[in-house]
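Engineer: I'd like to ask you about the structure that follows.
The values are calculated or read from the model by the stated rules, or taken from the named source; none is laboratory data. This is a predicted model, so every value here is computed, not measured. Glycine gets a Cβ as well: all are built from the backbone with ideal geometry, and neighbour counts include every protein chain shown. Surface areas here come from the heavy atoms of the whole protein model, side chains and all, with no ligands, DNA or RNA. Shrake-Rupley method; radii C 1.70, N 1.55, O 1.52, S 1.80 Å.
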Amino acid sequence: METKGKLFALLLLFSLVAVSTGHGEKQNARLFVIGDSFVDTGNMGNRTSDGLMLTDYIASFLHRRTPVIYAHRKKASKSELEDGMNFARGGSGVLDVSFNNYSMALQVGNFKEQIAQNVYTKVDLENSIALVSYTGNDYLYKTTRQKGTMKNLREIRGLGVKKIAIFGTPPRGCFPGKYSETLRKCDKTWNKASRQHNKLLKESLKILNKERHGSKFVYLDLYNAIDSALFDKIREIVGFANRFKACCLDAHMCGPIAQKKCKNPELSIFWDAGHLSQNGANIVYTYLVPSLSQLL
């Protein structure tokens, strides 16, 4: 038990050092974010977290501040714009018809707008990284195989971005409300769909990486990162008995502030029914570091 506690303490220390210092030499790459609520740090009005999100940790890994959100671009200073821009919006997907009618295609359009207005130059883009998050919102609206992801990725590449990282879909069958407390099992149907999507995504990225356009596509395995965070037995000793439950008890989806929340949010993995808590994002980030290192 003591050994396990030391292992957890070492991993926690590593994650804190990673967030504060990043890895390797200082990077000058700007970070541009396209996607949904998993990476939206405010375009929908607030964060779906009790604190830091994966976007924040990844920006810090690149020695950058969290990119300014598109909604606040006109108020941003030149210094803030140098860190990049976040176009992501909660509820977005590939389909034009979605929760917010704000697809990834529209976000890429906003990105192009910034380039046309000379907010970012060709040199800026060549020394930048795009983070794309598609965690499967379209499957909530319409049961169909989505084919627009590759088109969006090719468009981002066409803008001159040399390194593009994309999240796979998470194990939604293990999220609050989907996980069966009685059977102590995740929903197999949801997780099977996520694994199938990720299989197709990885095949698509192989095709894109073979196309000789000078850009590199990196797959970020969000599925296994979250799965590892949930089922890592080492962490069970520090209060993860409720790791499949949402910390925010106000509603199905919560903003950063909650009137009703769990007693120890710093030990939770999920903030609400569909998003990670700050602690969960921190843990998941540590599992993504090896893949993120490919972007350096």
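Engineer: Give the stretch 280-296 a look and list any residue that's among the hydrophobic types (A, V, I, L, M, F, W, C) and open to solvent by 20 Å² or more (accessible area, probe 1.4 Å), or say none.
Structural biologist: L296
Engineer: Suppose we keep only residues that are of a type in the set (D, E) and either part of a helix (DSSP H, G or I) or within 22 Å of T286 (Cβ to Cβ) (or both) within the stretch 228-259. Which one would you say is modelled with the lowest pLDDT?
Structural biologist: Applying the first criterion (of a type in the set (D, E)) to the stretch 228-259 yields 232, 236, 250.
Then keep just the ones that are either part of a helix (DSSP H, G or I) or within 22 Å of T286 (Cβ to Cβ) (or both); that gives 232, 236.
Details: D232: 77, E236: 51.
Among those residues, the one meeting the criterion is E236.
Engineer: Among the listed residues S128, S79, S103, identify the single one that is within 30 Å of H197 (Cα to Cα), modelled with pLDDT of 95 or more and out of contact with any helix residue (DSSP H, G or I) (no Cβ under 8 Å at 6 or more places or on another chain).
Structural biologist: The conditions single out S128.
Engineer: In addition: In the stretch 59-73, which residues are over 9 Å from L31 (Cα atoms) and either in contact with a Phe, Trp or Tyr (Cβ under 7 Å, 6 or more places away or on another chain) or part of a helix (DSSP H, G or I) (or both)?
Structural biologist: S60, F61, Y70, A71, H72, R73, listed by residue number.
Engineer: Kindly indicate whether any position in the stretch 84-94 is at pLDDT 95 or above, over 16 Å from Y285 (Cβ atoms) and in contact with a Lys or Arg (Cβ under 9 Å, 6 or more places away or on another chain).
Structural biologist: Yes: one or more hits.
Engineer: Now, a different point. Looking at the stretch 275-292 only, could you name the residues that are in contact (Cβ under 8 Å) with a residue 60 or more places away in the chain and in a helix (DSSP H, G or I)?
Structural biologist: Q278, A281, N282, I283, V284, Y285, T286, Y287, L288, V289, S291, L292
Engineer: I'd like to verify a number: residues in the stretch 255-285 that are under 17 Å from the mean Cα position of the chain (by Cα) and of a type outside the set (V, I, T), how many?
Structural biologist: Total satisfying the criteria: 16.
Engineer: For R154, all conditions in the list (1) crowded, with 17+ Cβ neighbours inside 10 Å; (2) within 22 Å of T121 (Cβ to Cβ) hold save one; what is the number of the exception?
Structural biologist: (1)
Engineer: Checking the structure you have, find out if any residue of the stretch 205-214 is closer than 30 Å to I129 by Cα, of a type in the set (G, A, S) and within 19 Å of the chain's Cα centre (by Cα).
Structural biologist: No, there is no match, as no residue in the stretch 205-214 is closer than 30 Å to I129 by Cα, of a type in the set (G, A, S) and within 19 Å of the chain's Cα centre (by Cα).
To keep it simple, each residue is scored yes or no on (1) touching a residue at least 40 places away in the same chain (Cβ under 8 Å); (2) in contact with a helix residue (DSSP H, G or I) (Cβ under 8 Å, 6 or more places away or on another chain); (3) assigned to a helix (DSSP H, G or I); (4) surrounded by fewer than 18 Cβ atoms within 10 Å (Cβ to Cβ).
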{"residue": "G160", "(1), (2), (3), (4)": "no, yes, no, no"}
{"residue": "A165", "(1), (2), (3), (4)": "yes, yes, no, no"}
{"residue": "T169", "(1), (2), (3), (4)": "yes, yes, no, no"}
{"residue": "G173", "(1), (2), (3), (4)": "no, yes, yes, no"}
{"residue": "T182", "(1), (2), (3), (4)": "no, no, no, yes"}
{"residue": "N191", "(1), (2), (3), (4)": "no, yes, yes, no"}
{"residue": "S194", "(1), (2), (3), (4)": "yes, yes, yes, no"}
{"residue": "N198", "(1), (2), (3), (4)": "no, yes, yes, no"}
{"residue": "K202", "(1), (2), (3), (4)": "no, no, yes, yes"}
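Engineer: In the stretch 34-82, which residues are of a type in the set (K, R) and either under 21 Å from V284 (Cβ atoms) or touching a strand residue (DSSP E or B) at 6+ places or on another chain (Cβ under 7 Å) (or both)?
Structural biologist: Correct list: R47, R64, R65, R73.
Engineer: In the stretch 204-221, what residues are charged (D, E, K, R) and in contact (Cβ under 8 Å) with a residue 40 or more places away in the chain? Walk me through how you get there before you give the answer.
Structural biologist: Within the stretch 204-221, the first condition is being charged (D, E, K, R), and the residues that meet it are 206, 210-212, 216, 221.
Hits for the stretch 204-221 are K216, D221.
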